[in-house]
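The values are calculated or read from the model by the stated rules, or taken from the named source; none is laboratory data. From a predicted model like this one, the values you see are computed outputs, not experimental measurements. Here the Cβ positions follow ideal geometry from the backbone for every residue, glycine too, while neighbour counts run over all protein chains shown.
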Amino acid sequence: MIEWLITLTLILVKLGFIFAVLLTMAAYLVLAERKLLARMQLRYGPNRVGPFGLLQPAADAIKLLAKEDFIPDQADKVIFFIAPGLAAVTALLTFAVVPFSPPIELFGRQIPMVVCDLNVGVLYFLGLSSLAVYGVALGGWASNSKYALLGGIRALAQLISYELSMGLALVPVILASRSFSLTDIVLAQDPVPFALTHPLAFLIFMVSAAAESKRTPFDMPEAENELVAGFHTEYSGMRFGLFFVGEYINMVILASMITIFFLGGWSGPLLPPIVWFSAKVLACCFFFIWTRGTLPRLRYDQLMHFGWKVLIPLALLNVIITGAVLLWLKGQ
């Protein structure tokens, strides 16, 4: 009984810690993005609220909470309420299988630095990333607006398309590590990360991750010059904010997955493992922000052409070549 209570307490503590860190990171990634894009465009960015503008996320949260919560008359109210939460909750749940570092010893116990080390962690991640599509699609459909519906349909087509190439890009990683566990995949990259041994899979996963998180140049679901604002056109207040909280949490999730699958996870010299993991995740987030300030948005036909006719064939070819090479090495 005592052992069960200790285990439950540890899980709740880790969940609370992850929840607090993720929400704080999502809030300050918005500030970091606004600051970095401002510097790239030779302007200041937020600098009025608090020292160096550090309290801007709190001001934005208060503004969203104080705004009128508008609901269209003809909207499907139940789904309209649920959709923003789906986008944020699915992103939060994914972090349950993310290992931050090797187990640490505390009070004579080995404490795993992951909420739940599933032996099918890769499938859990892919399953929840597929469910995230529903929040966007249902938000567009439930609003009873042609602009929101068109944005939801475009988002659905885009996310399903790039989900395929992202899943195929992970097959060489699974073949090389011989495991679906995220911890085993990190350990299999000692001493060489998979980004060096599987560079094509790494590039395909990076591009697919940018499309999955609806980042520029793949931000067609929110193409405001064509769709007013896309799938969230009819949302206001904190429900509007929840879509973007989910988007930035999703960016942290995908950056963590890039770190785990291709950058060696917590591996690194001299510094503590958690520091290496955090630094790699933040570097991936900076890359996503950098591309937003650099690349133009694709046309929708270019986006779909690139996904179906370039990324998916390349990912399939990479799977075949990787499998052939591993079989040849096994026969040596």
query: Somewhere in the range 56-69, is a residue in contact with a Leu (Cβ under 6 Å, 6 or more places away or on another chain) and surrounded by 11 or more Cβ atoms within 10 Å (Cβ to Cβ)?
result: yes
field: Hits in the range 41-55 - residues which are under 28 Å from the mean Cα position of the chain (by Cα), in a helix (DSSP H, G or I) and exposed (fewer than 14 other Cβ atoms within 10 Å of the Cβ)
entry: F52
query: Just a yes or no: is a residue in the range 212-226 more than 25 Å from T322 (Cβ to Cβ), part of a loop (DSSP other than H, G, I, E, B), hydrophobic (A, V, I, L, M, F, W, C) and in contact (Cβ under 8 Å) with a residue 60 or more places away in the chain?
result: yes
message: For the range 101-126, give me each residue that is hydrophobic (A, V, I, L, M, F, W, C), at pLDDT below 85 and surrounded by 15 or more Cβ atoms within 10 Å (Cβ to Cβ).
response: M113, V114, V115, L118
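Within the range 45-81, can you find the residues that are in contact with a Ser or Thr (Cβ under 7 Å, 6 or more places away or on another chain) and either without any contact (Cβ under 8 Å) to a residue 24 or more places away in the chain or of a type in the set (K, R) (or both)?
K67
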- request: Considering only the range 268-318, state which residues are farther than 22 Å from M257 by Cα, buried (at least 18 other Cβ atoms within 10 Å of the Cβ) and without any contact (Cβ under 8 Å) to a residue 60 or more places away in the chain.
  value: F306
query: Quick one: in the range 253-299, which of the residues that are touching a Cys at 6+ places or on another chain (Cβ under 7 Å) and of a type in the set (A, V, I, L, M) is nearest to V192 (Cα to Cα)?
result: I258
